[in-house]
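Data first, discussion second: the structure below is written as structure tokens.
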Amino acid sequence: MKAKRFNIIFFLCLAVFGLSLNIATAEDTTTDTTTETSVESAQPDTTAETAEEETTQPVVQEKASPFVRITTNLFGYNFIAKKIASSAIEKALNKSAKGDYKVSIDSFSGVDLKKGIFKGMTIDGSNISVDDELYVSRLYMKTTSDYNYIDYKQRPIVFKTEVPMDYKILITEDDLNKSLLTHTSIVKDISSLLPLVSLTTPKVTLLDNQMKISSALKLPFGKSFKFSISTGVAVKDGKIVFTDTKANNNNDFTQKLIDVMNNQNWLEKLNISLFEGTETNIKIKNITISPKRLCIDGNLVIKEAE
């Protein structure tokens with residue numbers, strides 16, 4: 001008798017779960033059909049201004065009904081969907097920047113997440129290497145919008161809406177020196193702006209609210225001299241700039257070097273792109289230096305795919 005009751009309850013559960021998924025599918029079909037009908041019946045715009053407004057409208061997908069959310073969450077579908085989506089995003093991150101990532105997703109429901117719609121996401125990364133040129137010990141990012149829509153099943157991932165995020169970055173002294181050693185274009189660019197002068201790869205020492213940069217300038221006819229610059233770092237107009245700079249050799253070469261370094265947009269040179277095929281606008285809010293550590297925080301926006 002107990003076995004029969006168990007079977008009846010089990011099959012009722014399966015029926016409810018199947019019904020909820022069918023309802024979700026029906027909602028998708030209804031949405032698609034409504035969209036197609038409205039497109040076919042729409043009259044052409046009479047002004048370019050109206051057409052431009054329509055093309056800039058963000059893509060918004062309807063979320064699943066409360067009934068579907070409750071029933072699918074009840075049967076663990078949300079948990080499975082989170083695992084699948086997190087794994088896909090972690091793989092995409094590793095393709096753009098190798099590292100150890102943990103992605104956590106706050107979803108509306110498993111049905112919504114299957115479409116790529118979710119409330120929020122955090123990314124916690126460590127030991128990151130961007131193109132074997134930029135090295136970062138720790139990266140933490142969190143979405144700031146309560147509605148996000150991406151297609152994580154595509155390769156690369158397609159962003160259906162803009163995704164704004166706050167971020168924090170930790171770069172150690174070893175990371176910085178390794179980056180300068182491998183990111184040779186930075187040194188070459190600086191050297192190219194100093195006629196007849198070549199610059200050896202700098203070595204950076206991070207102190208309390210200060211960094212010390214040691215290098216050597218090779219002058220024409222084989223002459224060279226070593227120098228060091230002590231400087232603070234600040235953010236001005238969205239750029240990293242050097243402040244309160246002092247050189248052990250106060251001559252025209254070192255002063256021109258300081259001017260050249262301050263005129264560079266170091267953020268553009270790093271060309272950070274977390275997801276392949278996307279455009280990312282990055283802003284720096286704060287940068288702080290402590291012994292052997294450089295911390296940066298700010299916000300970024302991963303642009304919607306065109």
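Things to note:
- Residue check for ALA85: in a helix (DSSP H, G or I), buried (at least 22 other Cβ atoms within 10 Å of the Cβ), at pLDDT 95 or above and among the hydrophobic types (A, V, I, L, M, F, W, C): yes
- Tally of residues being assigned to a strand (DSSP E or B) and either modelled with pLDDT under 70 or more than 28 Å from the chain's Cα centre (by Cα) (or both) across the range 208-223: 7
- Checked against the criterion of being in contact (Cβ under 8 Å) with a residue 12 or more places away in the chain, of a type in the set (D, E, K, R), over 22 Å from ASN299 (Cβ atoms) and touching a strand residue (DSSP E or B) at 6+ places or on another chain (Cβ under 9 Å), the candidates ASP151, ASP166 yield just one match: ASP151.
- For the range 273-306, the set of residues classified as farther than 15 Å from PRO156 by Cα and under 10 Å from the mean Cα position of the chain (by Cα) consists of ASN281, ILE282, ASN299, LEU300, VAL301, listed by residue number.
- In the range 278-292, residue farthest from ILE171 (Cα to Cα) [restricted to those that are in a strand (DSSP E or B) and not hydroxyl-bearing (Ser, Thr, Tyr)]: ASN281
- Hits in the range 95-110 (condition: more than 11 Å from PHE275 (Cβ to Cβ) and either of a type outside the set (A, V, I, L, M) or surrounded by fewer than 14 Cβ atoms within 10 Å (Cβ to Cβ) (or both)): LYS98, GLY99, ASP100, TYR101, LYS102, SER104, ASP106, SER107, PHE108, SER109, GLY110
- In the set (1) closer than 18 Å to LYS168 by Cα; (2) buried (at least 18 other Cβ atoms within 10 Å of the Cβ); (3) free of Cβ contacts under 8 Å to residues at least 60 places away in the same chain, SER126 fails one condition alone, (2).
The values are calculated or read from the model by the stated rules, or taken from the named source; none is laboratory data. Note that this is a predicted model, so its numbers are computed, not measured. Ideal geometry is used to build each Cβ from the backbone, glycine not excepted, and the neighbour counts take in all protein chains shown.
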